[in-house]
Structures are given as structure tokens and as C-alpha cells.
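First the structure, in the form of C-alpha cells, and then the observations on it.
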Amino acid sequence: MDKQRLERYTKEYGCRYTRRQKNKFLEVLHKEMAECDYESTDIQGKRLFSRANNVLYGNVKQMKQVIVVPYDTPEKRFWPTVRYYPLNGSKTISKSMVPLYVPAIVLFVVLFVGVYLVQPKISDAMAGLLVSSSMFLIAILLIYNLLHGFSNRKNYNRNSAAIACAVEVAHSLSKEERAKTGFLFTDKNKQYFLGAEASANYFHEQHKQPELIVLDCIGKGSCMQIGFNPQNRKLAAELAKHDPSKTTIECVKLNETMRSQHMMAYFKKAVMVACGELEGEDLCVLGTHTGKDTELDEGLLDRVKKMLLGYLKHQS
């Protein structure tokens, strides 16, 4: 991997939570992809007050395969250990309840104690004003965190490393191979997965159904898996054959429960490459949503890059 490129997307543009942060990142991404003569197409998605801004690089009429990378970054969770299951949307949601709501409950208790127990006993006017102001600030922070959330500053594994890997693959393809390969960077990759839904609708409108290879959390872990939708077992197996390490990669069929609240629910002709540690039968990634997402295995990234290049060149 190009170390300068990897540092650019993990550090300089490693936080992509607010619209301003995303726009700065997209400006840099446009320049990098323009160097490969890729044309870009904006794919917009809207739902109530939420808006997704996806970008597709390549000629949609010619592309046969598309590398997909979720480019937005998760919100900060005020919890020591957050578990993320890249191939199991339902389990990710169930395991996120405690990190999301327990800190909110603690803040609510502090607010309740301050308003109903502490404040009535304060006789000094200035001290009472200070407590009231503190309680008001806590209430504002509580509401803001639940409705919007705060940016998580470090996001090396989810998914800055995948962005750098995809860009490097784009630069490594020949002119003929680029004509058949697209690169899709999706926004709003949680809850309703608005970015994935808008992208799937766009391909449908264009009467195109290219093979989609999604990269999610490929930066570290002792285990690599390729998740596939029921009709895409062959695609997963063919991709795994190009693993340069010659290690057996487990191809995991994603059932309806696993695809629930997951981008793969919208991408029918797709597989997903992910790395992490096995927790029972599920692939688990630790550290996302927190300041601990600061470690990468460059050897693993090179392995994924070579696997993708091997597969794409074989298809040309």
C-alpha cells in the first residue's frame, strides 16, 4: 500500500461524519480518481431529513464489476468496548443497544438528581445558577447525542483503509480493465442504509446489474470472510480463489436475518469482504465508534488489494 495515500485517508481525511467533512474528503477523492480518467456520477438519496450523497466512478454502460466502499464514519460511542458485525446487521443492532443507551440513562439520572434533589437544597443564588446551567447543558448534550451524535475522530479500520485500498486498485488497473470496473462510495451506511438503497435504485433505473464487491473493515483481524447473498455463492468462491496467501477463506451465506438492517439487503448481486475475529459463528470487529480505531495491518490490506486485482484482471 502507498503509505502517503493510506495516511491521507486515515488521518487527514479520516473523519467523515458531518457534511463538511464528507465534502472535503470527496474533493480529494475526485482528484485521485480523475488521475485514472474516471468519470463521476453523483447518486442522491433522501428520506425525511436525511440525505445521502454517493459517488460512482466509471462508465455505467460498460462496467461489469463494481468495488463498493461505505465512506462515511460512525458516531462516537461513550463506551469502552463496542462490537460491530460487518456480516450480520441484526446482531450489530442488538449489540449496540447498551453502548448507545446506557450512557444516556446515566446522564438522565445525573440530570434527575441535580434537578430534583440537589438544586432545591442550594440557598446561594450563584451556586443555584451554576447548577441550573449545568443541568441545562447536560440536557442539551443528551438530546443532541441521541438525535445526531458526535463525530468519532479515529476511523482507520471503518472504513478509511478500504477507501485507500479501493483507490489503489483503481490506479493499478489498465485502461481496458478500468473500462469494465466501477468504484462506488456510499453514504449513510446505518439504520436505513439510504446510500445503498439509492445506489441499488440507480442501477435498476439504468437497467444494469453489475457484480458488486463490498469492502467493510478490511484493515485488521486474524480472520477474513466473504459474505454472499444466496444467489452469489459462485462470485464469492471465484473471488476467494485469487487470495495470494492461498489461505482458505470462508464464504458465508447471509441469511435474511443477517441482511436485515444491512446494506446487503439492497445489493442483490453482491459479496462483501470483511476481516476481524471470530466470536462464535460471527465475524466481530472491535474498536469502531471509539478512539481505539487506530490500528491497521498493512500486510492484510495488500492481501485484499492483490485478491481484488487478481479477480478483476481475470475477468478482463
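The values are calculated or read from the model by the stated rules, or taken from the named source; none is laboratory data. The shown structure was predicted, so the numbers you read here are calculated from the model rather than taken from an experiment. All Cβ positions, even for glycine, are placed from backbone atoms using ideal geometry, and neighbour counts span all protein chains on display. These area figures cover heavy atoms from the full protein model, side chains too; ligands, DNA and RNA do not enter into them. Shrake-Rupley method; radii C 1.70, N 1.55, O 1.52, S 1.80 Å.
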For this session: Please list, in chain and number order, the residues 5+ apart from ASN189 or on another chain whose amide H is under 5 Å from its amide H, with Hs placed from the backbone.
Result: ASP72
Exercise. Size of the dipole of segment 27-80 about the Cα centre, Lys and Arg at +1 and Asp and Glu at -1 on the beta carbon, nothing else charged, in debye to 20?
Worked result: 400 debye
Exercise. Counting alpha carbon pairs within less than 8 Å and at least 6 residues apart, what relative contact order, in whole percent, applies to the chain?
Worked result: 29 percent
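On the protein heavy atoms, probe 1.4 angstrom, tell me the percent of accessible surface of segment 212-308 carried by carbon and sulfur.
Ligands and nucleic acids excluded, carbon and sulfur give 47 percent.
Of all accessible surface on segment 1-147 at a 1.4 Å probe, what whole percent is carbon and sulfur? Write out the running numbers ahead of the final one.
Values: 5220 of 8530 Å².
That fraction is 61 percent.
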Seminar exercise, completed: So SER94 and GLN21, fully extended at 0.36 nm per residue minus their Cα-Cα distance, gain in nm 23.4 nm
Seminar exercise, completed: Correct response: the longest run of the chain lacking exposed chymotrypsin sites (Phe, Trp or Tyr not before Pro), defined by DSSP loop and at most 16 other Cβ within 10 Å, is 193-316
Exercise. Considering only GLN191, ALA179, HIS207, whose Cα is most displaced toward the positive end of the charge dipole of the chain, charges sitting on Cβ of Lys, Arg (+1) and Asp, Glu (-1)?
Worked result: HIS207
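With a sphere of radius 10 Å drawn around the Cβ of TYR17, what net charge do the other residues whose Cβ falls strictly inside it have (Lys, Arg +1; Asp, Glu -1)? Before the final figure, lay out the partial values.
Numbers: positive: ARG16, ARG19, ARG20, LYS22, LYS76, ARG153; negative: ASP72, GLU75.
Its environment carries a net charge of +4.
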Exercise. When the chain is treated as a GNM, springs tying every alpha-carbon pair under 10 Å, which of GLU298, GLU197, GLU35 comes out with the largest mean-square fluctuation?
Worked result: GLU35
Problem set entry | Distance between modelled label sites at PHE108 and THR41, nm, 7 Å Cα→Cβ extension | 4.5 nm
Problem set entry | Two-decimal ratio, segment 143-209, of alpha-carbon radius of gyration to 2.2 N^0.38 Å | 1.47
Seminar exercise, completed: Counting sequence-distant residues (5 or more places) and residues on other chains, those with an amide H built under 5 Å from that of VAL68 are LEU184, ILE213, VAL214, LEU215
For this session: Would you mind telling me which residue in ALA162, ALA34, ALA236 has the biggest mean-square fluctuation in a Gaussian network model of the chain, where springs connect alpha carbons within a distance under 10 angstrom?
Result: ALA34
Problem set entry | segment 215-267 shape via C-alpha gyration tensor axes, a/c threshold 1.5 | oblate
Exercise. Cα centroid distance between segment 285-316 and segment 36-56, in Å?
Worked result: 24 Å
Seminar exercise, completed: Residue-ordered couplings for segment 279-286, obtained by feeding phi - 60° into the Karplus form 6.51 cos²θ - 1.76 cosθ + 1.60 and rounding to whole Hz (Gly and Pro as x), are 10, x, 9, 9, 7, 10, 10, 9
Exercise. Taking amide hydrogens as modeled 1.01 Å from N in the peptide plane, which residues meet the under 5 Å criterion relative to ILE43, leaving out close sequence neighbours?
Worked result: ASN54, VAL55, LEU56
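Given +1 on the Cβ of Lys and Arg, -1 on the Cβ of Asp and Glu, and no further charges, what dipole in debye does the chain carry about its Cα centre, rounded to the nearest 20? Numbers along the way, then the final one.
Working: 44 positive and 33 negative charges, 74 e Å.
Result for the chain is approximately 360 debye, rounded to the nearest 20.
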For this session: Sum up the charges of everything whose Cβ sits under 10 Å from the Cβ of PRO230, counting Lys and Arg as +1 and Asp and Glu as -1, but leave PRO230 out.
Result: +3
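Which value, in debye to the nearest 20, gives the size of the charge dipole of segment 104-207 about its Cα centre, when Lys and Arg are +1 and Asp and Glu are -1 at the Cβ? Could the numbers behind the result be given before it?
Numbers: 9 positive and 7 negative charges, 43 e Å.
Dipole about the Cα centre, nearest 20: 200 debye.
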Problem set entry | Residues in segment 217-241 reached by a label modelled at GLU281 [backbone nitrogen below 17 Å; 7 Å Cα→Cβ] | 225-230
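Based on the alpha-carbon gyration tensor of segment 1-48 and its eigenvalue square roots a ≥ b ≥ c, which shape applies: rounded if a/c is under 1.5, prolate if not and a/b is larger than b/c, or oblate? Walk me through the intermediate numbers first.
Details: a/c = 2.91, a/b = 1.27, b/c = 2.29.
Judged from the Cα gyration tensor, segment 1-48 comes out oblate (a/c at least 1.5, b/c at or above a/b).
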Problem set entry | Mean accessible surface per residue for segment 49-112, computed with a 1.4 Å probe while every protein chain stays in place, in Å² | 45 Å²
Seminar exercise, completed: The extension gain from LYS208 to VAL60, computed as 0.36 nm times the residue separation minus the Cα-Cα distance, is 52.5 nm
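Note the per residue figure in Å³ for the convex hull of the C-alpha positions in segment 42-198.
Convex hull volume per residue, Cα atoms: 148 Å³.
Using the Cα gyration tensor of segment 250-316, with a ≥ b ≥ c the square roots of its eigenvalues, what is the shape: rounded (a/c below 1.5), prolate (a/b larger than b/c) or oblate (neither)?
Details: a/c = 1.95, a/b = 1.06, b/c = 1.83.
Oblate is the answer for segment 250-316, as a/c is 1.5 or above yet b/c matches or exceeds a/b.
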Exercise. Among [x] -0.27, -0.36, -1.33; [y] -0.30, -0.39, -1.18; [z] -0.32, -0.42, -1.35, which one is log10 I(q)/I(0) by the Debye sum over Cα atoms at q = 0.07, 0.08, 0.15 Å⁻¹ computed from these coordinates?
Worked result: [y]
Problem set entry | Fluctuation leader among ILE143, ILE93, ILE43 - the chain, Gaussian network, Cα springs under 10 angstrom | ILE143
